[in-house]
Amino acid sequence: MDTLSQANADLFIPDRTGTSAALARTTHLGIGAHQDDLEFMALHGILECFQRTDRRFGGVICTDGAGSARTGPYAEFTDEQMKALRVQEQRTAATIGQYGFIAQLGHSSASVKNAPARPAVTGDLKAILEATQPETVYTHNPADKHATHIGVFLATLEAIRELPPEERPKRLLGCEVWRSLDWLDDADKVVLPLSAHPNLAAALNGVFDSQISGGKRYDLAVEGRRLANATFFDSHSVDAHDRVAYALDLTPLILDDNLDPVDFTLAFVEKFRDSVRDQLSGLH
């Protein structure tokens, strides 16, 4: 892999395997906007690889951690202090979760959201994808309400589309963070079971104290969503899992480069609209 574009980029390999070997063993890759996004949205990939020798999870964080909400013990932290702390927290999560590697690219949120500046992000992601060639990629879903998350989704899609077909992942999943996917038709939900290792999930959520003590109880919110998804998925059967995350299968977007991501996403929104109309009209 060529050198990443930002001077503040950080590549950490918890078990100290050489860089090329560490990246090449990746089977499941999470690409998130911020430190903690992977633990919240791509836990399925982490669990799939935990304590396995034949699978390995790798992670990519695109932004530098600046601009976080903060209060309490972190209220007086400067952006530079917060960025350094968030990088360290993400390294700690990678160690606990036994990631093969964690790459923190160090781009600003503004550059991720700004289409003319996004090619640098796309280039870094392409280099990592070329070096890892994962089977499954987890990223933000295109109906997320956070602009930086949408920028990361678009950069991920662009990077994959720049690869030859034989080097692309077999599966691309868009995951929940700043918007749940419970509105999707059940047939369109990719149900990701998260019941295994609840202590690991709790440990990973709790690593990010700069956010939790800093004013955002993401740990409770994410756990609540997973529990709610498991219970509310099906009203006519007992729960199959204790905890569940939903994802949108984005694989069609990397099989057909002519498929527009806006049209692709809005088709699911229209399907939701139609299902509400049909059910309400049928009982009216």
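For the residues Asp239, Asp249, the requirement of being surrounded by fewer than 16 Cβ atoms within 10 Å (Cβ to Cβ), free of Cβ contacts under 8 Å to residues at least 60 places away in the same chain and of a type in the set (Asp, Glu) singles out Asp239.
Counting only helices (runs of 4 or more DSSP H) wholly contained in segment 1-53, the ones carrying 2 or more residues that are closer than 24 Å to Leu194 by Cβ occupy 37-41, 43-49.
In summary, helices (runs of 4 or more DSSP H) completely within segment 59-137 and bearing 1 or more residues that are within 16 Å of Thr3 (Cα to Cα), within 18 Å of the chain's Cα centre (by Cα) and modelled with pLDDT of 95 or more occur at 119-132.
When segment 171-222 is filtered for residues that are under 21 Å from Glu89 (Cβ atoms), without any contact (Cβ under 8 Å) to a residue 24 or more places away in the chain and assigned to a helix (DSSP H, G or I), the ones remaining, listed by number, are Asn199, Ala202, Gly206, Ile212, Asp219, Leu220, Ala221. For segment 19-60, a residue qualifies if it is polar (S, T, N, Q) and crowded, with 18+ Cβ neighbours inside 10 Å, and the qualifying residues are Thr26, Thr27, Gln35. Residues in segment 223-236 that are more than 18 Å from Ala143 (Cβ to Cβ) and crowded, with 21+ Cβ neighbours inside 10 Å: Arg226 only.
Taken over segment 67-104, residues that are closer than 25 Å to Ile13 by Cβ and touching a Ser or Thr at 6+ places or on another chain (Cβ under 8 Å) amount to 6.
Of all the residues in segment 237-271, those that are among the hydrophobic types (A, V, I, L, M, F, W, C), touching a helix residue (DSSP H, G or I) at 6+ places or on another chain (Cβ under 9 Å) and either modelled with pLDDT under 95 or over 22 Å from Val137 (Cα atoms) (or both) number 1. Considering the conditions (1) buried (at least 17 other Cβ atoms within 10 Å of the Cβ); (2) over 24 Å from Ala201 (Cα atoms); (3) of a type in the set (Ser, Thr, Tyr), Thr63 is excluded by exactly one of them, (2). Figure legend. Inter-residue proximity from segment 81-100: first residues under 22 Å from Arg55 (Cβ atoms), second residues assigned to a loop (DSSP other than H, G, I, E, B) and hydroxyl-bearing (Ser, Thr, Tyr), beta-carbon distance below 7 Å, spacing 6+ or different chains. Indicated pairs: Gly100/Thr26.
Would you call Gly151 on the phi > 0 side of the Ramachandran plot and either of a type outside the set (Val, Ile, Thr) or part of a helix (DSSP H, G or I) (or both)? Considered against the rule, which asks whether it is on the phi > 0 side of the Ramachandran plot and either of a type outside the set (Val, Ile, Thr) or part of a helix (DSSP H, G or I) (or both), Gly151 comes out as no.
The values are calculated or read from the model by the stated rules, or taken from the named source; none is laboratory data. All figures in this text were calculated on a predicted structure; none of them were measured in a lab. In this analysis, Cβ positions are derived from the backbone assuming ideal geometry, glycine residues included, and neighbour counts consider all displayed protein chains.
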